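Single-structure report; data block below.
The values are calculated or read from the model by the stated rules, or taken from the named source; none is laboratory data. Quick caveat: nothing in here was measured; it's all calculated off a predicted structure. When we count neighbours, we look across all protein chains shown, and the Cβ atoms used for this are built from the backbone with ideal geometry, even at glycine. Only protein heavy atoms, including side chains, enter the accessible area calculation; ligands, DNA and RNA are left aside. Shrake-Rupley method; radii C 1.70, N 1.55, O 1.52, S 1.80 Å.
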Amino acid sequence: MADKALKKQQIINGISTDVFWQIVNTFSGFVAVPIILNYTDSESYGYWLAIISALTYFGMFDFSLGMSLTHAISSVSREKTKKLNQLINTGLVSLVLLGFLILIAGYLVSFFIDNIFNISSVHKYDIILSFRLLVVGLAISLPFNVFSSILVGFNYLSLEKNIKEGVRFVGILFSIILVVSGFGVIGLAIANLFTIVCTG
């Protein structure tokens, strides 16, 4: 009975946390976009959106390792520490290797990014540097997802959500500060990297 009550409380906490952060970060995004557009030219921001969209799809190719690890952790008793350590270490090593491959591939692609997206010479340096920072963020986000899998696997859903979305909110604020300070799209890439590192 106590176990059912605990699970019910976890579900309620998870849903309320999710709703709260959805509202906060959606509103923050609506506020941030006009400010960002005001301090960056629309062409640079257009390139930024195209690149980040492409890399988001690229980041989905983790062969479902993160999801599989979460499921595996949740199915093993916490008392079986040796088994859990083996699962976590295997997942971490696999995702580090995958992240390293993405880092190499992304760096090589960055030499052709101006031709792929028809980037003008005026914006070339900023976009290439932003792309490389985004690739670094994508590469390190994969092994960092192991820690998220551990929390979710142990049913700390609201804690995982609070960390992830709370840092995302700080990242939005940081991106506004950097853009207003004159960093342009590079500031957005730095804020993205900051968010990924702090979340991890």
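For the chain, report the accessible area per residue in Å² (1.4 Å probe, heavy atoms, rounded to an integer).
59
Could you give the Stokes-Einstein D for the chain in µm² per second, using the C-alpha Kirkwood radius, 37 °C, 0.692 mPa s? All intermediate terms of the calculation are to be shown ahead of the outcome.
Values: Rh = 18.5 Å.
Taking Rh from Cα pairs, D becomes 177 µm²/s.
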Report relative contact order for the range 56-174 in percent, whole number only (criteria: Cα-Cα under 8 Å, sequence separation at least 6).
36
Only Lys, Arg (+1) and Asp, Glu (-1) charged, at Cβ; the chain dipole about Cα centre in debye:
800
Only Lys, Arg (+1) and Asp, Glu (-1) charged, at Cβ; the range 22-86 dipole about Cα centre in debye
620
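Of the peptides 172-180, 119-127, how do they stack up when ordered by the mean number of other Cβ atoms within 10 Å, highest first?
Numbers: 172-180: 18.1, 119-127: 15.7.
Most protected by this proxy first, the peptides run 172-180, 119-127.
Give, as a single signed number, the net charge of other residues whose beta carbon lies under 14 Å from the beta carbon of LYS161, with Lys and Arg counted +1 and Asp and Glu -1.
On the way: positive: LYS164, ARG168; negative: ASP18, GLU160, GLU165.
Here the charged neighbours net out to -1.
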Spin-label pair ILE177/ALA54, simplified geometry with 7 Å Cα→Cβ offset, distance in nm
3.1
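Please tell me the relative contact order of the chain in percent, rounded to the nearest whole number, where contacts are Cα pairs under 8 Å and at least six residues apart.
Details: 195 pairs, mean separation 65.3, N = 200.
For the chain, the relative contact order is 33 percent.
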Once you have a ≥ b ≥ c as the square roots of the Cα gyration tensor eigenvalues for the range 101-190, tell me rounded if a/c is under 1.5, and otherwise prolate or oblate according to whether a/b is larger than b/c.
oblate
The chain: angle of helix 121-153 to the longest principal axis, Cα-based, in degrees nearest 10:
0
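Using a probe of 1.4 angstrom, how much of the accessible area of the chain is carbon and sulfur, in percent? Before the final figure, lay out each step's value.
Details: 8220 of 11810 Å².
Carbon and sulfur atoms account for 70 percent of the accessible area of the chain.
Given N residues in the range 52-129, what is its alpha carbon radius of gyration divided by 2.2 N^0.38 Å?
For the range 52-129, the normalised Cα radius of gyration comes out at 1.59.
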